[in-house]
Every structure is written in C-alpha cells, then in structure tokens.
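Student: Here's a structure for you.
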Amino acid sequence: DRVGNAEPVQSETIQFDTTGPTGPTLTLSETPADPDQHAAGTTLYYRPGGGRAGTFTVTAATSDPQSGIQKVTFPAVAGMAGGGDDLASPFEGVYDWSTGTGATGAQTVTARNNAALTSNAGFTVTSDSTAPTGQSVALGGGTYHTALSVPLTLVNGSDADSGVNAASGVVEREAATLANDSCVGWSGTWTAVTLTGGADTTVLGDRCYRYRYTISDNVGNQTAASALSGVAKVDVTAPVTSDDAPAGWRN
C-alpha cells in the first residue's frame with residue numbers, strides 16, 4: 001500500500017492435460033475355465049441354453065501420466081450381470097451369463113482421466129449354438145491290411161464362431177467278421193478308439209472295420225457323426241498250400 005505494507009506473494013499451479021488415457025488394452029479370461037465358453041482375443045464365445053452358465057472377466061490396462069485415471073467404465077451387457085465403474089487398478093469388469101442369455105454384439109469399455117478426457121476400446125460377446133461342419137474320416141491305405149493296424153485320415157472341418165476344438169475329436173468303429181472276402185454280421189455297436197500314430201492298432205485279424213468321426217467346437221457344440229469311411233479288411237493269415245497242409249488234405 002502507500003505506506004509500504006506488502007501482501008505475501010501467492011501462487012497457484014495450473015496443469016494442462018489435453019491427452020486422453022492410453023488404451024485401454026483389453027484382455028478377456030474365463031473365470032474359471034469353462035467348456036461352455038471360450039475367450040479368443042477380445043471375443044467371448046458362449047453356449048447358452050440347457051442349464052449352462054458361466055463367468056468371464058474383462059481386464060483393461062490403461063494409464064494417464066498427466067492427470068491420472070479416474071475410473072474405467074465397463075458396459076452393461078443385455079441379459080448378463082456385471083459391468084459398471086471400477087475406480088482402482090487393476091481395472092476389471094466381471095460378467096455372469098446363464099441359460100437364458102442371448103446377447104451378441106460389440107461392447108465398449110471407457111477409460112476416463114481426471115481431466116474428464118476419455119478413450120475407448122471394445123470387446124465382443126457371441127452366442128454360439130452351431131457345431132462345426134465338414135469333418136470326415138477315411139482309410140489311409142487300401143481295403144486290405146495284413147498287419148494289425150488300420151491307418152486313418154481325419155479332417156476336422158471348420159467352425160465360423162468359436163473354432164474347432166481339435167482335441168475333442170472322437171473316432172468310433174463298427175466291426176464284422178471277414179469270411180471269404182465278405183463282411184458278415186456287422187455288430188451295430190460303435191466303439192470309441194484311440195489312434196496310435198494315426199492308426200487304429202487295436203484291430204483283430206479276420207475282421208472288417210468301418211469308422212465314423214465326431215468333433216466339437218470350443219464351446220462344446222458337437223457334430224453329428226460323419227459319413228462312414230470305407231471298409232477295412234484285416235487279414236493276417238497266410239493262405240494254406242499243399243506244402244503245409246494238414247494231414248489228409250487233398251488238392
């Protein structure tokens with residue numbers, strides 16, 4: 001003032017943040033692992049109906065070096081429980097679905113910093129009730145086999161949604177008796193077999209075999225049985241000749 005009284009200096013820091021949060025980078029995981037759902041990248045496939053249910057988690061990795069992260073908002077998904085705001089890292093949204101859920105489509109996760117700037121990323125939920133198609137089984141060799149081994153060629157087919165689960169393939173066989181080049185008395189019973197080196201090594205001599213193949217996708221939709229393979233005839237007995245014929249044998 002006019003007589004020399006001075007006010008203490010005062011200051012205020014003004015910070016500018018013109019950049020939204022990083023990402024968010026999304027990771028989907030099954031919690032716990034469940035045969036009725038499958039996370040692939042940022043898509044969650046699931047198989048509703050039949051009393052099935054599941055839980056999955058969406059994790060958002062995001063940061064903001066200027067004003068910091070205020071919250072991450074996970075969307076509400078129709079027919080599922082979960083979603084909402086998460087105010088602290090790790091930022092996660094947990095979702096539960098049940099037999100009546102039918103949601104399919106893109107969902108948006110939003111990261112917001114303390115300057116009210118946002119950034120978005122998406123994940124997708126897909127209802128999958130369709131089994132793979134195009135699976136087949138064929139004989140890997142000719143019709144006759146002179147060793148106790150029948151090689152098979154398997155084709156897993158394809159699946160446009162959750163994808164084929166190659167480990168779920170099931171080979172089954174039906175047997176008959178081999179008599180004078182004919183297959184007599186097909187059993188009508190199909191038995192699952194495990195291949196060794198791509199071959200059925202549990203066959204018996206003087207038998208006929210034919211095979212079929214089923215496989216599932218990654219959420220458990222199983223195909224109907226494939227078309228039947230050709231008939232494999234297993235003959236490991238050499239012909240009887242006059243030189244080693246039993247006593248009394250006549251030509």
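The values are calculated or read from the model by the stated rules, or taken from the named source; none is laboratory data. Since this is a predicted model, take the numbers as computed values, not measurements. All Cβ positions, glycine included, derive from the backbone under ideal geometry; neighbour counts span all protein chains shown. For accessibility, only protein heavy atoms count, side chains too; no ligands or nucleic acids. Shrake-Rupley method; radii C 1.70, N 1.55, O 1.52, S 1.80 Å.
Student: Go through (1) within 23 Å of Val164 (Cβ to Cβ); (2) open to solvent by 60 Å² or more (accessible area, probe 1.4 Å); (3) of a type in the set (Gly, Ala, Ser); (4) modelled with pLDDT of 95 or more for Ser29 and report which single condition fails.
Tutor: Every condition holds for Ser29 apart from (2).
Student: Still on this structure, I have one more. Please find, within region 101-126, the residue that is nearest to Gln37 (Cα to Cα) out of those that are part of a loop (DSSP other than H, G, I, E, B) and among the aliphatic types (A, V, I, L, M).
Tutor: Taking region 101-126 first, the residues part of a loop (DSSP other than H, G, I, E, B) are 101-104, 114-117.
Checking which are among the aliphatic types (A, V, I, L, M) leaves us with 103, 115-117.
Numbers: Ala103: 13, Ala115: 38, Ala116: 36, Leu117: 34 Å.
Residue satisfying both the conditions and the ranking: Ala103.
Student: While we're looking at this one, here's another question. Scan (1) surrounded by 18 or more Cβ atoms within 10 Å (Cβ to Cβ); (2) over 21 Å from Gly83 (Cβ atoms) for the single condition Gly142 breaks and write down its number.
Tutor: Every listed condition holds for Gly142 apart from (1).
Student: Could you pull out every one of the strands (runs of 3 or more DSSP E) wholly within region 127-234 that has 1 or more residues that are under 25 Å from the mean Cα position of the chain (by Cα) and among the aliphatic types (A, V, I, L, M)?
Tutor: It comes to 136-139, 150-155, 164-179, 191-193, 207-217.
Student: Right, here's the next one. Please specify each residue of region 72-97 satisfying the condition of being open to solvent by 50 Å² or more (accessible area, probe 1.4 Å) and either among the hydroxyl-bearing types (Ser, Thr, Tyr) or under 19 Å from Ala121 (Cβ atoms) (or both).
Tutor: Ala76, Asp85, Leu87, Ala88, Ser89, Pro90, Glu92, Val94
Student: Ala111: over 21 Å from the mean Cα position of the chain (by Cα), under 17 Å from Ala40 (Cβ atoms) and either of a type in the set (Asp, Glu) or open to solvent by less than 50 Å² (accessible area, probe 1.4 Å) (or both), yes or no? Walk me through how you get there before you give the answer.
Tutor: On the way: over 21 Å from the mean Cα position of the chain (by Cα): yes; under 17 Å from Ala40 (Cβ atoms): no; either of a type in the set (Asp, Glu) or open to solvent by less than 50 Å² (accessible area, probe 1.4 Å) (or both): yes.
Judged against the criteria, Ala111 is not a match.
Student: Something else: Being closer than 30 Å to Gly51 by Cβ and modelled with pLDDT of 95 or more narrows it down to one of Val184, Val219, Val193, so name that one.
Tutor: Val219
Student: Only one of Gly134, Gly100 is out of contact with any strand residue (DSSP E or B) (no Cβ under 7 Å at 6 or more places or on another chain), open to solvent by 30 Å² or more (accessible area, probe 1.4 Å), over 30 Å from Gln70 (Cα atoms) and of a type outside the set (Ser, Thr, Tyr). Can you tell me which?
Tutor: After applying the criteria, what remains is Gly100.
Student: Would you confirm, using the coordinates I've provided, whether Asn120 is within 30 Å of Ile69 (Cα to Cα) and either touching a Leu at 6+ places or on another chain (Cβ under 9 Å) or open to solvent by 30 Å² or more (accessible area, probe 1.4 Å) (or both)?
Tutor: yes
Student: Out of region 34-61, which residues are of a type in the set (A, V, I, L, M), more than 19 Å from Asp159 (Cβ to Cβ) and free of Cβ contacts under 8 Å to residues at least 60 places away in the same chain?
Tutor: Those that are of a type in the set (A, V, I, L, M), more than 19 Å from Asp159 (Cβ to Cβ) and free of Cβ contacts under 8 Å to residues at least 60 places away in the same chain: Ala53, Ala61.
Student: Provide a single number: the residues in region 161-207 that are aliphatic (A, V, I, L, M), crowded, with 17+ Cβ neighbours inside 10 Å and over 22 Å from Gly141 (Cβ atoms).
Tutor: The number of residues fulfilling the criteria is 1.
Student: Can you list residue pairs whose Cβ atoms sit under 6 Å apart, with the first residue in region 62-76 being farther than 16 Å from Gly93 by Cα and the second being open to solvent by 60 Å² or more (accessible area, probe 1.4 Å)? Count only pairs 6 or more apart in sequence or on different chains.
Tutor: Ser63/Thr22; Ser67/Asn114; Gly68/Asn114
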